[in-house]
Every structure is written in C-alpha cells, then in structure tokens.
Amino acid sequence: MGPLSGVRIIELVGIGPGPFAGMMMADMGAEVIAVDRKGAASPVELPVDINRRGKRSIALDLKSAEDKEIFFKLCETADAVFEGFRPGVMEKLGLGPDDVLKRNPKIVYGRMTGWGQTGPLAHAAGHDINYISLSGALHGIGPADGPPTVPLNLIGDYGGGAMMLAFGMVCGILEAKNSGKGQAIDVSMVEGSSLMMTLMHSLMASQRWAPMRGVNLLDGGAHFYDTFETKDGKFVSFGAMEPQFMQEFIEKTGLDESWMQNHLNFSKWAELKEELRTLFKTKTQEEWCDFLEGSDACFAPILPFWEAHKHPHNQARNSFTEIDGLMQPAPAPKFSRTEPEVSHGPVEKGADTDAILKELGVI
C-alpha cells in the first residue's frame with residue numbers, strides 16, 4: 001500500500017507540522033510509529049487530530065532509562081526518526097543524532113525547527129508568522145495600502161517546514177540505501193519558506209518585481225490576478241495572466257478589445273481592476289461558475305475549506321475521503337501503480353504500546 005511501503009519511521013510527537021509530515025509519509029504507506037509522551041494530554045492536543053491518521057502509537061517517558069532503551073530499540077528497527085523540539089532538547093535526553101546513530105548507523109535523523117539548529121536565533125521561541133517574516137515571504141502578502149496579511153500558518157509550518165521535512169527524509173532514506181550510512185537533516189522553516197520564494201527572487205532579478213507590496217504580477221497588484229466579490233457576497237478567483245486566457249475572458253464577457261492593449265500596462269491596472277469589481281458584482285458566484293467554469297478564462301469559485309469536498313471536480317478525483325464519519329483531504333499525490341490509501345483514522349495515544357513492546361521483545 002503506497003510507494004513508501006516497507007519503510008519504518010519513528011515520529012517523536014510534537015505540534016502541528018511534525019505530525020503533518022508523519023501523516024504524509026503514513027499516507028504513502030510508511031509504517032509511522034508515533035512516540036507519544038506518557039501522562040495527561042497537553043493543552044495543545046486536539047480532541048480530533050487528522051494528522052494522526054494511519055499511524056501506530058506507543059507512549060513513553062523519555063526521561064526514564066527503561067523507556068529510553070525502548071526508544072533506542074525502536075530506532076534500531078527503523079529507517080528514519082524525526083523530531084521538532086528546540087535545539088539541544090534531544091541531546092540533553094541522550095537521544096540526539098549522535099546517540100541514535102551509534103545504535104543504528106543507517107538511520108536518517110530529521111530535525112525540524114523554525115530558525116534551524118544553529119544561528120543566533122536558534123534557541124528563541126517563535127511561530128510560523130515570525131519565520132516567514134525573516135524569510136521575506138510575509139512582506140509580499142497583503143494590500144499596497146496596509147500591513148502584510150497573515151496567510152494562515154501554511155507557508156512556514158507546512159510548506160517550508162513539514163513538506164521540506166518529508167522531502168528531506170525521503171531523500172535521506174534513498175541516500176542511506178546507497179551509502180549504508182545515515183545522517184542528520186536540519187530543516188529550518190525560515191529557509192524552507194525562503195526557498196519557496198525562488199520565483200520572486202527571479203522576478204526581482206529580471207526587473208519584473210517592484211520592491212513594494214500589492215502592486216506586482218502575483219501579489220494582487222494586477223487586475224487579471226486577484227479575487228473579486230460577487231452579487232451574493234461570495235468570492236471568485238480570476239487569474240487570466242497570459243494574453244490568450246485574457247482574450248477568452250474578454251470574448252465571453254463582451255469587454256472592449258482595448259482591454260488586450262492594456263493587459264500588461266501597469267499604469268492601467270488599478271483602473272481595470274475597478275471595472276472588474278463592478279463586473280463581477282453583476283452575477284452570483286453560482287452564475288459566474290455556470291458562465292466561466294471549465295473555460296480557459298482561469299476562473300474558480302472561492303470555497304470554504306469545509307465545503308470544498310462538494311465540488312464536482314474534487315468529487316470526480318476522490319480528492320477527499322471520509323474516515324470514521326469525518327470528511328478530510330485524501331492522500332496526495334496520486335500514483336498509477338502504488339496508490340496510497342489511509343489505513344485507519346487518528347490513532348489514540350499509546351494505543352499500540354503493548355503490541356510494539358511485544359514486537360521488540362520487551363514484554
């Protein structure tokens with residue numbers, strides 16, 4: 001089941017992006033064993049955490065000598081292990097990369113933090129919003145006449161953190177299979193989110209990006225790449241960046257051909273955007289969908305995430321799945337042969353402790 005079938009990964013359970021990275025790999029067929037902390041639930045633990053789907057769980061007290069040994073035994077059976085604690089935490093427990101690699105020289109040891117393992121900020125607290133501030137990503141998001149807009153916690157925690165960790169882990173596992181040697185992977189959300197800004201660096205170097213917010217091609221400055229309110233107070237997205245796509249929109253809506261002449265005329269963007277705001281308010285979201293959806297006008301309705309599963313396109317592709325009565329995103333991407341699937345819903349904390357201890361020969 002899935003392209004990572006046969007791979008065992010140990011996840012030291014933390015918050016948010018770590019469990020999401022573990023879920024991604026579990027979705028792909030890896031056996032992910034979540035090492036949960038013994039004792040009462042943390043205030044940040046969610047009563048329903050989809051990130052825990054498809055995993056097994058063992059509850060350990062890593063300050064206990066007995067449970068440390070169990071953790072080492074787990075690592076001896078695994079291809080990789082990862083954690084998301086502040087730098088030095090695992091070393092203080094005697095469970096850092098050097099300690100684990102002594103017990104399993106082939107293991108890949110993933111480490112994900114906001115600032116990275118080194119540097120003057122490495123030991124400071126922070127969150128997604130701080131990391132994408134330092135990378136430059138946050139500066140480019142928001143209106144020209146206002147402060148940067150918080151883009152949920154997707155760019156730092158999940159794009160620059162969890163997905164970079166999952167990518168780095170798979171890279172490390174592949175390399176270890178060739179070299180027979182493990183290594184540590186240092187994932188910084190600052191660096192991950194900075195890497196995701198590569199196109200903007202290219203546009204700046206090509207003198208196609210103004211050093212300000214809300215006036216550029218991809219930041220809401222262009223009339224043909226923005227969101228618009230509809231007659232019923234809902235919203236749609238419009239992204240007819242290329243001339244041939246804008247031409248399609250012009251022909252369908254009956255706009256004057258002068259629009260094409262001004263398509264890339266920066267001085268006209270604000271004026272044209274106002275005209276589009278007026279135009280999009282002439283129909284409801286559903287009417288615009290009937291009119292434009294499926295054409296090359298680069299259009300889509302803006303859906304609440306809790307309603308996205310109802311859209312016919314998402315239904316046709318099985319983009320969402322229902323597990324234990326809960327609708328949720330299905331594994332992605334899709335594979336033609338080793339199709340991933342979710343084996344079960346969120347695992348309860350410590351649910352597999354006895355079974356795993358038996359497998360390790362501890363009980």
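Bear in mind that the values in this text are calculations on the coordinates, not laboratory data. Only a predicted model underlies this, so the values are computations on that prediction, with no experimental measurement involved. Cβ atoms come from the backbone with ideal geometry, glycine included; neighbour counts cover every protein chain shown.
Using Cα pairs under 8 angstrom and six or more residues apart, how large is the relative contact order of the range 213-304, in percent?
Once divided by the residue count of the range 213-304, the mean separation gives 38 percent.
Which of the chymotrypsin sites (Phe, Trp or Tyr not before Pro) found in the range 302-358 are loop residues per DSSP with 15 or fewer other Cβ atoms within 10 Å of their Cβ?
Phe305, Trp306, Phe335
Taking a 25 Å limit on the Cα-Cα distance, which of the listed pairs Lys68/Lys106; Lys106/Lys334; Lys73/Lys177; Lys73/Lys334; Lys92/Lys177 fall beyond it?
Pairs exceeding the cut-off: Lys106/Lys334; Lys73/Lys334; Lys92/Lys177.
Over the chain, what relative contact order in percent results from Cα pairs under 8 Å that are six or more residues apart?
20 percent
Bin width 5 Å, origin at 0, all Cα-Cα pairs of the range 213-304: what percent of pairs per bin?
Histogram of Cα-Cα distances, whole percents per bin: 3, 14, 26, 29, 18, 8, 1, 0.
Counting other C-beta atoms within 10 Å, which of Val190, Val342 has the fewest, and how do the rest follow?
Val342, Val190
Got the relative contact order for the range 234-363 handy, in percent, Cα pairs under 8 Å and 6 or more residues apart?
23 percent
Fewest to most neighbouring Cβ within 10 Å: what's the order for Ile323, Ile185, Ile363?
Ile363, Ile323, Ile185
Using a Förster radius of 35 Å, what is the FRET efficiency between Ser237 and His127 based on their Cβ-Cβ separation? Nearest 0.05, please.
Working from the Cβ atoms, E equals 0.80.
Largest first and to the nearest Å, give the Cα extent of the chain along each principal axis.
Computed over the Cα atoms, the extents are 77, 46, 42 Å.
Looking at the range 58-191, I'd like the Rg to Rh ratio, where Rg is from alpha-carbon atoms and Rh is Kirkwood's inverse mean 1/r.
In the range 58-191, Rg relative to Rh is 1.06.
What list do you get for Glu248, Glu83 if you sort them by fewest beta carbons within 10 Å?
Least crowded to most crowded, the residues run Glu248, Glu83.
Once Lys and Arg get +1 and Asp and Glu get -1 on their Cβ, which of Gly214, Val187, Gln244 lies farthest toward the positive end of the dipole of the range 163-295?
Of Gly214, Val187, Gln244, it is Val187.
Below 12 angstrom from the Cβ of Met164, what's the summed charge of the other residues (Lys, Arg +1; Asp, Glu -1)?
Here the count lands on -2.
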